[in-house]
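Working notes, beginning with the structure itself.
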Amino acid sequence: MDGFEKHPKPPVIELKRVSFAYEEEAPLLHDISLQFQAGECCLIGGASGSGKSTLALIMNGLYPEAVEGTMRGEVRLHGRPLSSYRKGEAAQHIGVLFQDPESQFCMISVEDELAFVLENIAAPRDVMDERIDHVLRETDMTDFRHRAIHELSGGQKQKIALASVLLLDPEVLIVDEPAANLDPASGEELVELIGRIRRSRGCTVLIIEHQADRWLSLLDRAVFLAAGSVMLDGSPDTIYQTKRSLLKREGIHLPFRYDPLPPRSPGPHRGETIFRAENLTVSKRKKAIVQHASFQLHRGEMLAIAGENGSGKTTLLQAAAGLLPLDTGRIELGGKALQELGEEQFRKRTGFVFQNPEHQFITDTVQEELLFGPELAGRDDAEEWMEALLRRFRLEKHRYHNPFMLSGGQKRRLSAAVMLGDIPDVLFLDEPTFGQDAASTADLMNMLDELRSGGTAVVLITHDMMLVDRYCHRVLVMKGGEAAFEGEPQQLWKEQDLLQSCSLLQPEREAVTG
């Protein structure tokens, strides 16, 4: 013994009593103190709107400077206040991979995008080529170096966004629901890649995620936020086993391992045929995106459209909803062709919830957004309906907020609620549960189930095969712009070769119970 006590290294990131509020709003984060050690892998969870993404951007140094907001407390990186680093310097140590990779791109081609990152950090030109080669090998994207980014699939775009972050050689990698927009197989592949990078680089990984199932094998720790404060902090296994009631009460998803859902298969449904889409072909830039696709809907039926990223799901849904011009095909509602029925009448009898909820917002407050449709339709109970939707979608505290200032999950809940202002014959939804916590997902699916029971036909795009298994009567699988399968979910789960070729996975219940 030399008589001297060795002091441990300071944490990579430390938050000391951090609070944050957007301009003229109540604080979103309250008095948060956390430490993250080198090489640690931690889940940051919580209900939608609990402050997870805001916390990430504070640790990255983007907030409060990039928004109209105020912060109290201190964030330290390697023991130094974040404020003492040069502008942009902290972002090189703490990289963030967002939900939407396209929000991070500045250039047209993969090579130019990666070179742009290196130019921004003044990397010597004689090492740029080697560093680009290395990061492409690391992310399994070597063959795509000279490709245009817009030609890549969703999973490939996310890998290039990750490669851009890795070029900065960050000690901390924050990933904000990076697999939420990906098909099941691509999501699994991305999770495995991030785990491999963590092992090879030894970096700290912080994972913001609603559904932690696929991340469990990587996690050392879990931190859960509630109402902007730290609610739980500890071993994931201990928290999930001992705090199940609290997590459920807060609307937080419990992994299937800790909370297996009872089987629920809606079975076949054969009511009156209310909608037909026949032989739909749609092209963009003279390239066929959807080719000769057909499906029909019965009153009170729920149909899922599934498939890998880029298979034509969204194009098919928008075409069926009359939002895109057709090369060929026919759309019927209630036995009448779209042209015969007229666009105005078709719009009154159908609703569409976009993948990007902001495409639907037209007013200045949540309350006005929910009132707009019912008042336009002349509903006498518009105020009562609006209040019911605020309660049902947990938006009461945000009634006077601008829709564009909501969290991602809150925006999606609002966009779905808006479409329910007048009950349609057919409701089209593009990834309605993306970015939702467990309570919001359950609320939305239960409401859709109520609409369906009342006679509305529901068709939705989803990557969530558990949701398909539990709620949908039929599933249409798209592959390369064509319908590769149509039938009951239980039939699809038996088609192992088809599932693999379409980047789909069996629901976890099937995988676990055989």
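Would you mind checking the tilt of helix 154-166 against the longest principal axis of the Cα atoms of the chain, expressed as 0 to 90 degrees and rounded to 10? Result, in degrees: 10. Basic side chains Lys and Arg get +1 at the Cβ, acidic Asp and Glu get -1 at the Cβ, and with that the dipole of the chain about its Cα centre reaches some 600 debye.
Dipole of region 273-513 computed with +1 at Lys/Arg Cβ and -1 at Asp/Glu Cβ about the Cα centre; of H292, L429, T273, farthest Cα towards the positive end is H292. Taking a sphere under 10 Å around the Cβ of D100 and counting the other residues whose Cβ falls inside, with K and R at +1 and D and E at -1, yields a net charge of -2. Taking the Cα centre of region 273-513 as reference, the dipole from Cβ charges on Lys and Arg (+1) and Asp and Glu (-1) amounts to some 540 debye. For the chain, the relative contact order comes to 16 percent (Cα pairs under 8 Å, sequence separation of at least 6).
Phi angles across region 423-439 convert, under the Karplus curve 6.51 cos²θ - 1.76 cosθ + 1.60 with θ = phi - 60°, into 3J(HN,Hα) values of 5, x, 6, 9, 10, 9, 9, 9, 6, x, 9, 4, x, 9, 6, 4, 5 Hz, Gly and Pro given as x.
Along the axis of the charge dipole computed for the chain (Cβ charges of +1 for Lys and Arg, -1 for Asp and Glu, origin at the Cα centre), the listed residues L246, L504, A163 are led at the positive end by L246. For the listed residue pairs K284/K313; K16/K159; K157/K287, the alpha carbons are over 22 angstrom apart in K16/K159. Of the trypsin sites (Lys or Arg not before Pro) found in region 215-299, those in coil by DSSP whose Cβ has at most 14 other Cβ atoms within 10 Å are R257, R264, R270, R285, K286.
Counted over the chain, the DSSP beta bridges are approximately 55% antiparallel. Packing, taken as the mean count of other beta carbons within 10 Å per residue, orders the peptides 469-479, 132-142, 453-463 from highest to lowest as 469-479, 453-463, 132-142. Give the separation of the Cα centroids, region 125-161 to region 46-92, in Å. With region 125-161 and region 46-92 each reduced to a Cα centre, they are spaced 28 Å. Within a straight-line Cα-Cα reach of under 19 Å, K411 can be paired with the following lysines, leaving aside sequence neighbours fewer than 8 residues apart in one chain: K52, K397.
Taking the square roots of five times each eigenvalue of the Cα gyration tensor of region 13-249, the equivalent ellipsoid has semi-axes of 30, 22, 16 Å, listed largest first. Please go through region 173-203 and write out the trypsin sites (Lys or Arg not before Pro) that DSSP classes as loop and that have at most 10 other C-beta atoms within 10 Å. Answer by residue number: there is no such site.
Every number in this text was worked out from the coordinates using simple rules, so none of it is lab data. Quick caveat: nothing in here was measured; it's all calculated off a predicted structure. As a convention, Cβ positions derive from the backbone with ideal geometry for all residues, glycine included, and neighbour counts pool all protein chains shown.
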